[in-house]
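A quick write-up on the structure given underneath.
The values are calculated or read from the model by the stated rules, or taken from the named source; none is laboratory data. Since we're looking at a predicted model, the values are computed, not measured. Note that we place each Cβ from the backbone using ideal geometry, even for glycine, and neighbour counts take in every protein chain shown.
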Amino acid sequence: MKTFLPAFILLMFVLGCTAVYNHPTKGPQEFEKDRLECEHVARQTLAARGIDDC
């Protein structure tokens with residue numbers, strides 16, 4: 001049990017470091033534009049199927 005906590009903290013640290021991905025050729029503005037376009041397409045698809053997007 002004494003080794004569980006340090007191992008758990010180390011695991012969370014390692015996994016937490018991979019939560020952010022930096023694209024090698026696109027900046028934050030392009031990412032935001034792509035994200036908004038994706039959300040728009042998703043909302044259109046939901047509306048076409050008659051599903052409320054909350």
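Key figures
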| quantity | calculated |
| --- | --- |
| Matching residues in the chain - criterion: being of a type in the set (F, W, Y) and either at positive phi or modelled with pLDDT of 80 or more (or both) | F4, F8, F31 |
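Rundown of residues vs (1) surrounded by fewer than 10 Cβ atoms within 10 Å (Cβ to Cβ); (2) in a loop (DSSP other than H, G, I, E, B); (3) over 16 Å from the mean Cα position of the chain (by Cα), yes/no style:
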site	(1), (2), (3)
L11	no, no, yes
V14	yes, no, yes
N22	yes, yes, no
F31	no, no, no
R43	no, no, yes
